[in-house]
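Student: My structure is below; once you've seen it, I'll send some questions.
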Ligand SMILES: CC(C)(COP(=O)(O)OP(=O)(O)OC[C@H]1O[C@@H](n2cnc3c(N)ncnc32)[C@H](O)[C@@H]1OP(=O)(O)O)[C@@H](O)C(=O)NCCC(=O)NCCS
């Protein structure tokens, strides 16, 4: 592909050969880059009340350590100062390891068995292709050369899990970082909402990390509203959002 080749995007149902792309996109989207949910959560840790307690301890400790004349007071100061620093570091590292575990557990969960979890089947004679059997479904977005139609990359994914009827859950939305801001999530959400309408699904909820303000803005853009704030979800601070499908502008 030359630098000038125009690229467009389209969404289709997940195929068995997409698995590695989907795993890579999901892993990258959660863990890599300063805008990733992992880094947002680690940054958010620095402004939590427990971080301010740690800063306070460190400052008081430093003042003791510098200003006090007696050795034992200076030692107390040094202990206070280092416990403040250590507790701040502890919480940042704990949030980091909880979140990495959360992502890895997730990849071992529905993503390791997309056809089964999203109840998709292969039409006869085409083992790679998958079609939904009912309300659940999983989609990928692909990039293709606008002129030739040649597919160049798998760039995003999204899943709809309706096993929690009467509402359904949006899961696994992610777009590869180099394709963000080009309307791929809009196409993915559009496919999901159309499928929800066809299957008479009235509400689509989702859970997300509270620190992921970028994704929150995208969901709110398409009609999701926060219905539960700061609920703990698998050890991560999170929000629950709901979309009334009839109110989605797509
Ligand atoms: C969140 C994510 C999927 C968005 O994908 P994207 O392809 O860049 O999004 P789009 O370009 O389709 O933007 C969708 C809409 O949201 C709007 N939008 C995007 N980011 C926004 C922001 N930070 N603030 C306000 N609106 C925003 C866009 O303007 C666009 O609206 P429009 O179609 O009316 O112009 C992508 O950033 C991503 O993969 N992030 C990491 C994974 C993740 O957080 N997934 C969600 C887990 S809950």
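The values are calculated or read from the model by the stated rules, or taken from the named source; none is laboratory data. Please read all numbers here as calculations on a predicted model, not as lab measurements. Counting neighbours? That spans all protein chains shown, and the Cβs are built from the backbone with ideal geometry, glycine included.
Student: Looking for whichever is within 16 Å of the ligand (Cβ to nearest atom) and assigned by TED's automatic domain parsing to the domain that holds residue 122 here; the options are 11, 34. Which one fits?
Tutor: It is 11.
Student: Identify the single condition in (1) free of Cβ contacts under 8 Å to residues at least 40 places away in the same chain; (2) part of a helix (DSSP H, G or I); (3) surrounded by fewer than 15 Cβ atoms within 10 Å (Cβ to Cβ) that residue 81 does not satisfy, given that it satisfies every other one.
Tutor: Of everything listed in (1) free of Cβ contacts under 8 Å to residues at least 40 places away in the same chain; (2) part of a helix (DSSP H, G or I); (3) surrounded by fewer than 15 Cβ atoms within 10 Å (Cβ to Cβ), residue 81 misses just condition (3).
Student: Confirm whether residue 91 is without any contact (Cβ under 8 Å) to a residue 60 or more places away in the chain and out of contact with any helix residue (DSSP H, G or I) (no Cβ under 9 Å at 6 or more places or on another chain).
Tutor: no
Student: Ok, one more. Assuming residue 120 fulfils every condition listed in (1) away from the ligand (no atom under 14 Å from the Cβ); (2) surrounded by 12 or more Cβ atoms within 10 Å (Cβ to Cβ); (3) not assigned by TED's automatic domain parsing to the domain that holds residue 209 apart from one, which condition is it?
Tutor: The failed condition is (3).
Student: Tell me which residues, restricted to segment 98-122, are part of a helix (DSSP H, G or I) and either more than 27 Å from residue 161 (Cα to Cα) or touching a strand residue (DSSP E or B) at 6+ places or on another chain (Cβ under 9 Å) (or both).
Tutor: Result: 98, 99, 102, 106, 110, 111, 114, 115, 117.
Student: A further question follows. Against the conditions (1) assigned to a strand (DSSP E or B); (2) under 17 Å from residue 42 (Cβ atoms); (3) modelled with pLDDT of 90 or more, where does residue 238 fall short? Just the number, please.
Tutor: (3)
Student: Then there's this: Name the residues in segment 133-153 that are within 17 Å of residue 110 (Cα to Cα) and in contact with a helix residue (DSSP H, G or I) (Cβ under 6 Å, 6 or more places away or on another chain), would you?
Tutor: Scanning segment 133-153 gives 137, 138, 139, 140.
Student: So, in segment 54-77, exactly how many residues are loosely packed, with under 14 Cβ neighbours inside 10 Å and without any contact (Cβ under 8 Å) to a residue 24 or more places away in the chain?
Tutor: 9
Student: What do you reckon, is residue 177 in contact with a helix residue (DSSP H, G or I) (Cβ under 7 Å, 6 or more places away or on another chain), closer than 30 Å to residue 92 by Cβ and surrounded by fewer than 16 Cβ atoms within 10 Å (Cβ to Cβ)?
Tutor: On the way: in contact with a helix residue (DSSP H, G or I) (Cβ under 7 Å, 6 or more places away or on another chain): yes; closer than 30 Å to residue 92 by Cβ: yes; surrounded by fewer than 16 Cβ atoms within 10 Å (Cβ to Cβ): yes.
So residue 177 fits the description; yes.
Student: Same structure, new question: Do any strands (runs of 3 or more DSSP E) entirely within segment 136-226 hold 2 or more residues that are away from the ligand (no atom under 15 Å from the Cβ) and modelled with pLDDT of 95 or more, and if so, which?
Tutor: Here the list reads 137-145, 151-161.
Student: Kindly provide the set of residues from segment 37-53 that are more than 16 Å from the ligand (Cβ to nearest atom), within 30 Å of residue 172 (Cβ to Cβ) and surrounded by 17 or more Cβ atoms within 10 Å (Cβ to Cβ), ordered by number.
Tutor: 45 - this is the single residue of segment 37-53 that is more than 16 Å from the ligand (Cβ to nearest atom), within 30 Å of residue 172 (Cβ to Cβ) and surrounded by 17 or more Cβ atoms within 10 Å (Cβ to Cβ).
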